[in-house]
Amino acid sequence: MRSSSSVKASLCWLSSLKMAQLKNIARLTGIRSAGPKNALITRLDTKLQRSAYPLRPQILEQPDSQSKPLRNSHEIDGPETGDRTVLMKDLSILSIDMGIQNLAFTHLLVPVPGQKLNVHPYPSGPILPILNAWERLAVSAIPIESPSPLSSSSLLALARPQRQKRKSANTSAAANAVHEREAHHDLCDEAERTASEQGTPFSPELYALRAYTLIKSLITSYRPTHILIERQRFRTGGGSAVQEWTLRVGVFEGMLHAVLHTLQREKAHCLAVHSVEPKMVASYWRIDATDIANPDIAATRERKKRTPRDVKKGKIDLVGRLLTTSKEDNVPESQFSGSVKLAFGSEADLKERVDAYLQKWKGKRTPPPCGSPPLEKLDDLADCLLQGVTWLEWQIMRSRVVADGVDALSCSRGSDHRER
């Protein structure tokens, strides 16, 4: 591992850049760009060194056996060199788009590149993130109290919006989930019925229990190394009024962070939690800035601010093209960044979800397979997947900037997409 002084020396070139260049680096690496120049340089100098996606194997001190922290199952030991060990940790990214009736999440598995070790050989070709899960659920349908975390299949069978019976192998999982829910009828439904009769369907006490069940179930099922939670806003579309549903989602967001912080402090799980601002995701892809579909506007450099509806549609379209690209062969590599083209997990539900998204995005009215519920909303699924992909893009670009300096910005294929 390089000493702190050598790292500092490698980033001294930041002070020679103009403010516009510094802000562009911040945008491409997911770092806040507000503030005066000196403060931005200091922030970049610190944040750029904290990439979760190293381009080279990391050499870390071997922790003392008595004080060794809890290890994530994705962490792999390499060959020992004295009292130092090469540690390579594959990323398991759980990206959550906040909501009460429409909370969406995606799970990405990302092999970290490094030297080929016998214990973990990496393929010689480009390493693609694996889309392992992509779901939407209603938080209000999550059991209030459970003696143990639910499996992902049980959680989704209970909390999927507009759930329908499926005549497939998943029927048994759904039946087990329903049986589990009925077993906790006295603990769950009675308290919620009382709250509903009192006119308080959103009760912080009840939703705190749901937050705990949700987080424990997701961690148990997917074992994430990083959890990304969409940062909520208080106002929509620049309006002066604060909507009640916005407050509720914001309260639930805080509950998720509180549960995760408690688990971290109690050393129950070793993972990193990041709050991601949707505005920064849209800014990375330039979805919210200029009407790039109109070449006349782009040529005259006029900037037409997009409405929230335009931004939402832009994200849905971007994810639709991303999935289409990932499913096709021989697609030009410059269409998306190398990290964006995805591989897909083997779960049947995931394939159905991807196909249903693409069918609705393309305007097809093909009935969903296996009796699964149709997708009536695409924005929640699009937001959580794009959030995870963009955060990974930021981490890769941070490593490139540290390694190659300002020259790394010229190979940002996100810029290629935005300029077409």
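For residues that are out of contact with any strand residue (DSSP E or B) (no Cβ under 6 Å at 6 or more places or on another chain) and either among the aromatic types (Phe, Trp, Tyr) or crowded, with 17+ Cβ neighbours inside 10 Å (or both), scanning just the stretch 336-349, find the one that is modelled with the lowest pLDDT.
336
Output the residue which, of all residues in the stretch 350-365 that are at pLDDT 75 or above and farther than 20 Å from residue 107 by Cβ, is surrounded by the fewest Cβ atoms within 10 Å (Cβ to Cβ). It would help to see each step written out before you state the result.
Of the stretch 350-365, the ones at pLDDT 75 or above are 350-364.
Then keep just the ones that are farther than 20 Å from residue 107 by Cβ; that gives 359-364.
On the way: 359: 17, 360: 19, 361: 18, 362: 10, 363: 6, 364: 10.
Per the stated criteria, the residue is 363.
Out of all the residues in the stretch 248-267, is one or more modelled with pLDDT under 90 and not in a helix (DSSP H, G or I)?
yes
Taking the residues in the stretch 89-141 that are of a type in the set (Gly, Ala, Ser) and at pLDDT below 90 as candidates, determine which candidate is farthest from the chain's Cα centre (by Cα).
Looking at residues that are of a type in the set (Gly, Ala, Ser) and at pLDDT below 90, I get 124.
So which residues in the stretch 268-284 are part of a loop (DSSP other than H, G, I, E, B) and out of contact with any His (no Cβ under 7 Å at 6 or more places or on another chain), if there are any at all?
268, 269, 270, 277
Among the listed residues 26, 52, 20, 34, which satisfies the condition of being closer than 21 Å to residue 391 by Cβ, surrounded by fewer than 15 Cβ atoms within 10 Å (Cβ to Cβ), modelled with pLDDT of 85 or more and among the aliphatic types (A, V, I, L, M)?
Being closer than 21 Å to residue 391 by Cβ, surrounded by fewer than 15 Cβ atoms within 10 Å (Cβ to Cβ), modelled with pLDDT of 85 or more and among the aliphatic types (A, V, I, L, M) holds for just one of 26, 52, 20, 34, which is 34.
The values are calculated or read from the model by the stated rules, or taken from the named source; none is laboratory data. A quick note: this is a predicted structure, and the numbers were derived from the prediction, not measured. Note that we place each Cβ from the backbone using ideal geometry, even for glycine, and neighbour counts take in every protein chain shown.
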